[in-house]
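The structure's right below; bear with me while I get my questions together.
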Amino acid sequence: MTEPIPADTTTPGDPAAATPAGPQRCGLIAIVGKPNVGKSTLLNALVGQKISITSRKAQTTRHRITGIRTVGATQFVFADTPGFQTRHGTALNRSLNKTVLGTVGDVDLVLFVVEAGKFNSADAKVLELLKPGIPIILLANKLDELNRRGDVAPWLGEMGGRHDFAEIVPMSAKNSKDIERLFGICAKYLPEQPWMYAEDELTDRSEKFLASETVREKLFRFTGDELPYTSTVIVEKFEEEPSPKHKRMVRIAATIVVERDSHKAMVIGDKGERLKRIGMESRQELEKLMDCKVFLEIWVKVRSGWADDEARVRSFGYE
Ligand SMILES: Nc1nc2c(ncn2[C@@H]2O[C@H](COP(=O)(O)OP(=O)(O)OP(=O)(O)O)[C@@H](O)[C@H]2O)c(=O)[nH]1
């Protein structure tokens, strides 16, 4: 059944109003799509907190991340995936693609994210990967970027002909009403079964992991397109320390790994300014996220060719 939903049909107010009452429901929802279509932005909005890092740079997401949101009687367990890469064959990219394939085989519902009004061969490749039998909702994101919403109607019709989508939802991950509406749309695809997580749990990833992701996000934000996406962040130390002044204090040592000396200079910036800014913004965000005092130390190391080296890719935490 393909049923385009008009862009302006939103359900304002509490998302719980849009989800079914009654017995508990719980299910896994994979968020898939080519790089940069807005998957992480969507996950963060659905969970109501920043769990998956976002940036304008394609390929920001590298891990399967579980975000959890319990609304009314329904628990939504989301798995964000890296943007599926079709162009480059490095060990890093092979690992990223494996994560995507592992995620999509084992879920109750797939949210296939594309940019509204656009569908190219990279989107088609992602669609080909999806297993028959699992309902797919085509999520036409970034609707706000289209000047005239009316223009999208023929494109939606064309999408309906391309695949037997369970539904087609034009929306913007940056619009809170669209996000609320999405809970109601997804809930009916989830099985009636007990919740897998506590009602207030938001993610199954550790604070240590969130720390490395936060630093990586700031790294990409402040270096822009100059820095290749193969740079990564490793948290070498994550330790609680007693503090007479704070109820909780955490000391973190992180290393930014880059491939070349020139990249190292780029990360450090003029008189260390850029690295200082990456550190300051990361620390502030982590203090908010973990609700404690954070001491953060960041080093920059050069390890040339790591993204092409299977063993290194694994040792840096990729599957
Ligand atoms: N205008 C607009 N921009 C959006 C929307 N959703 C996401 N973006 C922007 O699109 C860019 C990419 O978003 P991400 O959430 O990082 O995309 P992603 O699909 O997770 O990217 P990868 O990690 O590369 O796979 C960011 O600059 C977002 O702010 C939207 O609904 N409207």
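The values are calculated or read from the model by the stated rules, or taken from the named source; none is laboratory data. No experiment lies behind these values; they were computed from the predicted model shown. Quick reminder, even Gly has a Cβ in these numbers, built from the backbone with ideal geometry, and neighbours come from all protein chains shown.
Is it fair to say ALA122 is buried (at least 21 other Cβ atoms within 10 Å of the Cβ) and not in a loop (DSSP other than H, G, I, E, B)?
Criteria not met by ALA122.
Since THR70 meets every condition but one in (1) at pLDDT below 90; (2) of a type in the set (Val, Ile, Thr); (3) in the same structural domain as GLY161 (by TED's automatic domain parsing), which condition does it not meet?
Of everything listed in (1) at pLDDT below 90; (2) of a type in the set (Val, Ile, Thr); (3) in the same structural domain as GLY161 (by TED's automatic domain parsing), THR70 misses just condition (1).
Working carefully through the options ASP123, ASP164, ASP151, find the one that is within 13 Å of the ligand (Cβ to nearest atom) and of a type in the set (Asp, Glu).
Result: ASP123 is the single residue among ASP123, ASP164, ASP151 that is within 13 Å of the ligand (Cβ to nearest atom) and of a type in the set (Asp, Glu).
Here's another thing I want to ask about it. Can you tell me which residue in segment 239-285 is surrounded by the most Cβ atoms within 10 Å (Cβ to Cβ), limited to those that are part of a helix (DSSP H, G or I) and of a type in the set (S, T, N, Q)?
SER282
Could you check SER212 against (1) touching a Ser or Thr at 6+ places or on another chain (Cβ under 9 Å); (2) away from the ligand (no atom under 16 Å from the Cβ); (3) not assigned by TED's automatic domain parsing to the domain that holds THR70 and say which number it fails?
With respect to (1) touching a Ser or Thr at 6+ places or on another chain (Cβ under 9 Å); (2) away from the ligand (no atom under 16 Å from the Cβ); (3) not assigned by TED's automatic domain parsing to the domain that holds THR70, SER212 is out only on (2).
Can you confirm whether LEU156 is hydrophobic (A, V, I, L, M, F, W, C) and more than 13 Å from the ligand (Cβ to nearest atom)?
Here the answer is yes, as LEU156 does meet what is asked.
List every residue pair whose Cβ atoms sit under 7 Å apart, with the two residues 6 or more apart in sequence or on different chains, where the first one lies in segment 224-242 and is at negative phi and the second, anywhere, is among the aromatic types (Phe, Trp, Tyr) and not in a helix (DSSP H, G or I).
THR232/PHE316; ILE234/PHE316
Filter segment 131-146 for residues that are surrounded by 19 or more Cβ atoms within 10 Å (Cβ to Cβ) and modelled with pLDDT under 90 and give the result.
LEU146
Right, another one. For segment 152-192, what are the residues that are under 23 Å from PRO132 (Cα atoms) and assigned to a loop (DSSP other than H, G, I, E, B)?
Of everything in segment 152-192, those that are under 23 Å from PRO132 (Cα atoms) and assigned to a loop (DSSP other than H, G, I, E, B) turn out to be HIS163, ASP164, PHE165, ALA166, LYS188, TYR189, LEU190, PRO191.
On to the next question. Condition (residue is part of a helix (DSSP H, G or I) and either more than 16 Å from the ligand (Cβ to nearest atom) or among the charged types (D, E, K, R) (or both)) applied to segment 200-209: is it met by at least one residue?
So far as segment 200-209 goes, yes, one or more of its residues are part of a helix (DSSP H, G or I) and either more than 16 Å from the ligand (Cβ to nearest atom) or among the charged types (D, E, K, R) (or both).
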